[in-house]
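This report concerns only the one structure given below.
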Amino acid sequence: MLYLGMAIIASAMVSTVMRLSEGKIKNNMGMFVANYVVCSLLSLLFMDHLSFGKMAAGTGIAVGLGLFSGVLFLTSFVLLQQNIRKNGVVLAATFMKLGVLIPTLMAIIIFRERPGLFQVSGIGLAIAAIIMIHFEKESVEASKYQFLLIVLLFVSGFTDSMANIYDKLGNAELKDHYLLFTFLAAGVCALLLWRKKCQKFCVWDVLTGICIGIPNYFSSRFLLMALHRLPAVIVYPAYSVMTIVVISIVGAVLFKEKLSRKKAAAIALIFLALVLLNL
């Protein structure tokens, strides 16, 4: 549970830094290039001193899944931007968070994890809490681009699933090689999009990217370590909903955001869900 808790805190830190930089970022792609450069450097720093020539077993899986995961990382981000423009931030955030259904169902159907009745109830409550915090029926009915929301749900869900897929198929000793190629692929894609848009880097974009890159790397690393020790059907729902709780607490304390009754009730559901998930 220690690694899961650290992954949650690191993930919440990413959102906090992005919130602090609101209105100051001129070039999102520049920020993400800096972020992925930092993540790649940290992957190299934590990588075991093994040369690729000596790592026949598992190297191909680490490289292949890493590159695919990196492309999904940036695709998910681009889809999120499009959904925010077409459907609004509330619906975009809701469906991205509901992507937790994909890795959870994948763990049950493909990897044969068998949650008990309490765990199933906990998963159900966690999903209900996500919907309760973000969902607005009127927004869905008014949206003309509902198909984009479904695409976002599946792509973000499959992006999250990659960590569990690597944990089940890859070599745990090569997790930093997997992370390196994930961040390298995402960084190259972000760089290509930046060049296509002909945008300029500014100092604030780079500094924000660096500040985001450090917790972003550790959230991915700790999530992998948590999946190696705990069932995915527990890790993914807990990771998703507890990140929401931590962000809500930070918002209330740091940004003086008011906690509505609806959100307070959802957080209470989240804590009940966590109890059930751990029974």
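The values are calculated or read from the model by the stated rules, or taken from the named source; none is laboratory data. Everything numeric here is computed off the predicted structure, so don't read it as measured data. Heads up, the Cβs are rebuilt from the backbone with ideal geometry, glycines too, and the neighbour counts pull from every protein chain shown.
For K86, indicate whether it is at pLDDT below 85, of a type outside the set (S, T, N, Q), surrounded by fewer than 20 Cβ atoms within 10 Å (Cβ to Cβ) and not in a helix (DSSP H, G or I). Answer is no for this residue. Residues of the stretch 43-83 that are of a type in the set (S, T, N, Q), at pLDDT below 85 and either within 24 Å of P215 (Cα to Cα) or buried (at least 16 other Cβ atoms within 10 Å of the Cβ) (or both): T59, Q81, N83.
Of the residues screened, S219 is one that is surrounded by fewer than 24 Cβ atoms within 10 Å (Cβ to Cβ) and either within 16 Å of M1 (Cα to Cα) or not basic (K, R) (or both). In this structure, does L105 turn out to be touching a residue at least 12 places away in the same chain (Cβ under 8 Å) and of a type in the set (A, V, I, L, M)? Here the answer is no, as L105 does not meet what is asked.
Whenever a residue of the stretch 67-85 is in contact (Cβ under 8 Å) with a residue 40 or more places away in the chain, its partners that are outside any helix (DSSP H, G or I) and surrounded by fewer than 18 Cβ atoms within 10 Å (Cβ to Cβ), lying with C-beta atoms within less than 9 angstrom and at least six residues away or across chains, give the pairs Q82/Y145; N83/Y145.
Output the number of residues of the stretch 249-266 satisfying the condition of being part of a helix (DSSP H, G or I) and either surrounded by fewer than 20 Cβ atoms within 10 Å (Cβ to Cβ) or at pLDDT below 80 (or both). Total meeting the criteria: 11. Taken over the stretch 218-242, the criterion of being of a type in the set (S, T, N, Q) and over 18 Å from F183 (Cβ atoms) is satisfied by S240 alone.
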